[in-house]
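I have placed the structure first, in the form of structure tokens, so that the comments after it can refer back to it.
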Amino acid sequence: MHMDAPVSAGQGPSPRAAPPHETPAAGWGAGGVDTRKSERRDLSLPTLDDLLEEIDEIVRASDRGEIRVTGNWSAGQILDHLGRSIECSLDGFGFKPTLPMRLLAPLARRWILTHRFPSGLKLPARARTLLPTRPATVPAGAACLRHALSRLKHGEQMTRPSPFVGRLTHEQWLHIHLAHAEHHLGFIHPRLP
């Protein structure tokens with residue numbers, strides 16, 4: 001899954017209500033689905049180009065009205081969340097870690113770099129800037145994620161510390177964001193032609 005086309009640098013349209021075929025099983029943000037038990041695709045996204053190709057496939061499936069989501073967020077919300085997470089590792093998270101978070105950071109860093117993202121993880125209230133707060137369409141979410149990826153493709157380095165795991169190298173950030181994308185995009189099921 002490699003793609004050589006450049007990433008769009010524009011932010012794209014602002015998020016709007018998701019069409020019915022893009023909504024999650026329990027309605028956006030409802031939190032009604034136990035994602036530890038949800039059906040999920042097993043994705044492998046070892047490079048940014050693989051991630052871009054997956055985004056394109058999701059957008060095409062959405063355009064055809066052939067997309068299904070098995071988690072609590074819409075496909076647009078998932079894409080937007082992934083884009084905002086990358087932006088935070090470039091620009092800062094806007095919140096400080098609590099003392100327990102700082103104390104656990106070395107263990108959490110080791111774990112996140114060697115394991116898959118867990119399903120059903122609840123972010124602390126202070127991390128609400130990373131959570132979906134409104135509906136988002138697939139095109140709007142994809143534009144947010146493509147914009148963040150464009151910054152990386154153009155050489156920007158992720159240097160901001162994570163409030164969850166502390167300081168990371170750019171390469172460690174890439175690993176985490178690709179694993180994060182594998183996790184969340186696994187809840188999006190594009191029905192291929």
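What follows draws every value from the coordinates through simple rules; no lab data is involved. Quick caveat: nothing in here was measured; it's all calculated off a predicted structure. Cβ coordinates were reconstructed from backbone atoms using ideal geometry, including for glycine residues, and neighbour counts include every protein chain displayed.
Using the structure shown, decide if T133 is assigned to a loop (DSSP other than H, G, I, E, B), within 18 Å of L48 (Cα to Cα) and either in contact with a Phe, Trp or Tyr (Cβ under 6 Å, 6 or more places away or on another chain) or of a type in the set (V, I, T) (or both). Criteria not met by T133.
Surrounded by fewer than 14 Cβ atoms within 10 Å (Cβ to Cβ), more than 16 Å from L45 (Cβ to Cβ) and without any contact (Cβ under 8 Å) to a residue 12 or more places away in the chain - does that describe any residue in region 128-146? Yes; the residues of region 128-146 include at least one that is surrounded by fewer than 14 Cβ atoms within 10 Å (Cβ to Cβ), more than 16 Å from L45 (Cβ to Cβ) and without any contact (Cβ under 8 Å) to a residue 12 or more places away in the chain. Put simply, of L113, L149, L145 the only residue that is more than 26 Å from I67 (Cα to Cα) and either among the hydrophobic types (A, V, I, L, M, F, W, C) or over 13 Å from the mean Cα position of the chain (by Cα) (or both) is L113.
Taken over region 148-188, residues that are among the basic types (K, R) and not in a loop (DSSP other than H, G, I, E, B) amount to 2. Screening L43 with (1) in a loop (DSSP other than H, G, I, E, B); (2) touching a residue at least 60 places away in the same chain (Cβ under 8 Å); (3) over 22 Å from L178 (Cβ atoms) gives one miss only, at (3). Scan region 166-193 for residues that are more than 24 Å from D42 (Cβ to Cβ) and in contact with a helix residue (DSSP H, G or I) (Cβ under 6 Å, 6 or more places away or on another chain) and the total you get is 1.
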